[in-house]
Amino acid sequence: VDSVGYGDQINKENSFKSLVDYIDEQFESYLQEELKIKRDLVSFHDSRIHVCLYFLVPTGHSIRSLDLVTMKALDKKCNIIPIIAKSDTVSKSELDSFKANIMSELVANDVEIYT
């Protein structure tokens, strides 16, 4: 699922809702196929989301609050793998510092990621 324009709205309060709703719809679709008396899971297209590659902007400081809220909403729905976008544009020491900040914020906010 490509989420082009995610977080670009003026009111970001429910930005993550469309992502969570889409994941729920895919699980519901699969569940409905499993509940059929004559199910055909062999030819059924399984479109469930199993992992989310979550790209973070390398601000050098910390994770944006929108990212924390979104990751918290997604962590019960699928595995999250945070990825620092454009990490080749920052120095190694800045990258290490940013990684440490990310991990401490995720732990402090009880966001479960795939490890």
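Here are the numbers for this structure:
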item	result
Per DSSP, loop chymotrypsin sites (Phe, Trp or Tyr not before Pro) in the stretch 20-87 with at most 16 further Cβ within 10 Å	44
Neighbourhood net charge (15 Å Cβ-Cβ; Lys/Arg +1, Asp/Glu -1) for residue 88	+1
Computed accessible area, residue 87, all protein chains, 1.4 angstrom probe, square angstrom	50 Å²
Sequence of 48, 39, 64 when ordered by accessible area, the most exposed leading, probe 1.4 angstrom	39, 64, 48
Area of residue 102 that stays accessible when all protein chains are in place (1.4 Å probe, Å², to 10)	10 Å²
The chain: translational diffusion in µm²/s, Stokes-Einstein, Kirkwood Rh over Cα pairs, 25 °C, 0.890 mPa s	154 µm²/s
Bins of 10 Å from zero: percent of alpha-carbon pairs in the stretch 21-60	25, 38, 19, 11, 6, 1
In Å², nearest 10: area of residue 62 left accessible to a 1.4 Å probe	50 Å²
MRE, 222 nm, helices only [DSSP H, n ≥ 4, -39500 (n - 2.57), over the chain, to nearest 500]	-13000 deg cm²/dmol
Cα-based helix-to-principal-axis angle, 65-74 vs the chain, degrees rounded to 10	30 degrees
Relative contact order of the stretch 25-98, defined on C-alpha pairs under 8 angstrom at six or more residues apart (%)	33 percent
Which of 59, 89 is most accessible, then next, and so on - probe 1.4 Å	89, 59
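The values are calculated or read from the model by the stated rules, or taken from the named source; none is laboratory data. Nothing here was measured: the structure is a model prediction, and the numbers come from that model. Ideal geometry is used to build each Cβ from the backbone, glycine not excepted, and the neighbour counts take in all protein chains shown. Accessible surface is based on the protein model in full, side chains and every heavy atom, while ligands, DNA and RNA are left aside. Shrake-Rupley method; radii C 1.70, N 1.55, O 1.52, S 1.80 Å.
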